[in-house]
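Below is one structure, written out as structure tokens; comments come after it.
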């Protein structure tokens, strides 16, 4: 006797069940991706207007200017902010992270990705590369000119 005759229609029901299950799985996946992509579960963001961009650029307090060939960088206030009467703390972006300081002391140091704060004192600090520690960014708080602190930044490696 043949195998199909012995089993009857059971193999056809099994194959039909697998086809229906696969079709339902694909349908659920497509509907789910469509819902997530349409913003049902996420907030939509609006693009910045031209005035918002101009305002954000004016809010930037400092720029880094390259120093001598030693690789030293001195953070100085941008021209748009120098004309205003400065007060309080100022932010200085460096290669190793961001330093916030006022004329008296370094308030905080926030490391950039790949760096860690190695030392932080009242008037000096150091960022170190977290991979090997041989790449260092040292910051020294200098004197104040017109109420704006001067931050001297030097980059050092063990290869020097």
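Within the range 95-141, if we keep just the residues that are surrounded by fewer than 20 Cβ atoms within 10 Å (Cβ to Cβ) and touching a residue at least 40 places away in the same chain (Cβ under 8 Å), the residue that is farthest from the chain's Cα centre (by Cα) turns out to be 103. Condition check for residue 145 on (1) surrounded by fewer than 17 Cβ atoms within 10 Å (Cβ to Cβ); (2) touching a strand residue (DSSP E or B) at 6+ places or on another chain (Cβ under 7 Å); (3) without any contact (Cβ under 8 Å) to a residue 24 or more places away in the chain: one failure, at (2).
Restricted to the range 1-105, the set of helices (runs of 4 or more DSSP H) holding at least 1 residues that are at pLDDT below 55 comprises 79-82.
The values are calculated or read from the model by the stated rules, or taken from the named source; none is laboratory data. Note that the coordinates shown come from a computational prediction; the quantities given were computed from them, not determined experimentally. In this analysis, Cβ positions are derived from the backbone assuming ideal geometry, glycine residues included, and neighbour counts consider all displayed protein chains.
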